[in-house]
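Encoded as structure tokens, the structure appears first; notes follow it.
The values are calculated or read from the model by the stated rules, or taken from the named source; none is laboratory data. Since the model is a prediction, treat every value here as computed from it, not as a measurement. Cβ atoms come from the backbone with ideal geometry, glycine included; neighbour counts cover every protein chain shown. These area figures cover heavy atoms from the full protein model, side chains too; ligands, DNA and RNA do not enter into them. Shrake-Rupley method; radii C 1.70, N 1.55, O 1.52, S 1.80 Å.
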Amino acid sequence: MKRYPFLNLAKLNAPYSEEMKEAACRVIDSGRYIGGGEVTDFEQELASYIGSGYAVGVSNGLDALRLIIKAYMIAGKLKKGDTIVLPAETYIASALSATDNRLSIRAVSSDDSAPGCPKMIDIASVDVKAVMPVHLYGRACWNEELDKLKRDGVVVIEDNAQAIGATLADGRRTGALGSAAAISFYPTKNLGAVGDAGAVTTDDPDIAAIVRALANYGSDRRYHNVFMGYNCRLDPLQAAMLRVKLRHLDEENARRQATADAYCSTIVNPLVQLPVNDGRSVWHQFVVKISDGLRDEFRHFLAVRGVESDVHYPRPFYEQPCYSTAVINVDSSTRLSTAEFCDSIVSLPIAYTSVAEAIEISDIINGFHN
Ligand SMILES: *Cc1c(COP(=O)(O)O)cnc(C)c1O
């Protein structure tokens, strides 16, 4: 039986492995293992790719989010206890960055067609100081409401961990839409390092400078510590890998789009609801919904036919044990709709799946209950 793996990172990196090995050797031979030109060059290339004024390399995506919030606190725009709105469907890292900084979380559900885009209508009566739209599954979450909130002085923090390269119809890229944005270069992300890495992008020079200092023991220059900071720097070795792969990101994302197009034009099973395919996604995940409580049966049906699948994510962050005693504001209708959402989603293979394989998988899917 043919197998359709969900992911194969070594194969994903194989086309660039020679270039990556050369770059790794360059770093090893340079003797510069913290900071230096490899990091600053990557930061410049990243800022120019995203279209943001600044990019600061950091240790990973969660630290990027934590440092952004911390920087807005230092800048006096946020304080302990302030309310931040998060989409209920997001990965727990979005929430951890807020609770780590003692913000109060209000989890809000999203429009059916746009997971990760919090419905702001739900929170009109709450005094919101910050919002974290999440470009979940790689689709750019942005709308006029978020634009207006940003203009009104609400801190809009994009969780851009899953969507590097995604664009709006007007050509603006995720990472350049909100007040500041966090990117993750976790190996499975669309731009993946060979280990942990992340970045903050923003147009605000003060926030960029505070994040940069916080990530380096809170120092603005050598042996001068203005904040009680951390060690959350980006390694030059990872920066060198990312410089190679950033040059190929658009082709990789175009390949994912072709696979998504193939799925969207060939899956015709009425039990399977397809994601919106409107040119705003870089398809970090291809997530379908299975109606009528048949999700687990569907996954089993795929598995016995060689198709691996996954669920992103099986339960909402606020139902994780770590938050069992924490106060997360979630109303009952959000709880209900998010539980339904979590029980109906399935991620199909996309990262390392050709158009031909997507068509074969679609044929299998079309045979479910038919
Ligand atoms: C991966 C991810 C993060 C965290 O990034 P790390 O680099 O793994 O710390 C944050 N938010 C979302 C939505 C993610 O998918």
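Listed values, structure above:
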{"item": "Condition met for Gly171 (more than 13 Å from the ligand (Cβ to nearest atom), under 18 Å from Asn253 (Cα atoms) and without any contact (Cβ under 8 Å) to a residue 40 or more places away in the chain)", "result": "yes"}
{"item": "Test: residue in region 197-207 that is open to solvent by less than 50 Å² (accessible area, probe 1.4 Å), in contact with a strand residue (DSSP E or B) (Cβ under 7 Å, 6 or more places away or on another chain), of a type in the set (D, E, K, R) and not in a helix (DSSP H, G or I)", "result": "yes"}
{"item": "Boolean, Val244 is in a strand (DSSP E or B), touching a residue at least 12 places away in the same chain (Cβ under 8 Å) and not acidic (Asp, Glu)", "result": "no"}
{"item": "Region 158-190: number of residues that are under 12 Å from the mean Cα position of the chain (by Cα) and either part of a strand (DSSP E or B) or of a type in the set (Asp, Glu) (or both)", "result": "6"}
{"item": "Asn277 being open to solvent by less than 20 Å² (accessible area, probe 1.4 Å) and under 30 Å from Ser344 (Cα atoms)", "result": "no"}
{"item": "Failed criterion for Asp220 (all others in (1) part of a loop (DSSP other than H, G, I, E, B); (2) away from the ligand (no atom under 16 Å from the Cβ); (3) not hydroxyl-bearing (Ser, Thr, Tyr) hold)", "result": "(1)"}
{"item": "Subset of region 83-116 [within 14 Å of the ligand (Cβ to nearest atom) and in contact with a Pro (Cβ under 6 Å, 6 or more places away or on another chain)]", "result": "Pro87, Ala88, Glu89, Ser110, Gly116"}
{"item": "Test: Ser97 is within 18 Å of Gly198 (Cα to Cα) and open to solvent by less than 40 Å² (accessible area, probe 1.4 Å)", "result": "yes"}
{"item": "Filter pass, Ala130 being closer than 18 Å to Ala88 by Cα, of a type in the set (Gly, Ala, Ser) and more than 15 Å from the ligand (Cβ to nearest atom)", "result": "yes"}
{"item": "Scan of region 44-77 for residues that are farther than 17 Å from Leu249 by Cα, within 19 Å of the chain's Cα centre (by Cα) and assigned to a helix (DSSP H, G or I), ordered by number", "result": "Gly61, Leu62, Asp63, Ala64, Leu65, Arg66, Leu67, Ile68, Ile69"}
{"item": "Hits in region 115-136 (condition: surrounded by fewer than 24 Cβ atoms within 10 Å (Cβ to Cβ) and not in a strand (DSSP E or B))", "result": "Lys119, Met120, Ile121, Asp122, Ile123, Ala124, Ser125, Val126, Asp127"}
{"item": "Every residue from region 329-348 that is of a type outside the set (Gly, Ala, Ser) and either surrounded by fewer than 17 Cβ atoms within 10 Å (Cβ to Cβ) or in contact with a Leu (Cβ under 9 Å, 6 or more places away or on another chain) (or both)", "result": "Asn329, Asp331, Arg335, Leu336, Glu340, Asp343, Val346, Leu348"}
{"item": "Enumeration of residues in region 47-71 that are of a type in the set (Lys, Arg) and away from the ligand (no atom under 15 Å from the Cβ)", "result": "Lys70"}
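One line per residue, one yes/no per condition, for (1) surrounded by fewer than 19 Cβ atoms within 10 Å (Cβ to Cβ); (2) of a type in the set (A, V, I, L, M); (3) closer than 18 Å to Val200 by Cα:
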site: Arg222; (1), (2), (3): yes, no, no
site: Cys232; (1), (2), (3): no, no, yes
site: Pro236; (1), (2), (3): no, no, yes
site: Glu251; (1), (2), (3): yes, no, no
site: Ala260; (1), (2), (3): no, yes, no
site: Ser265; (1), (2), (3): yes, no, no
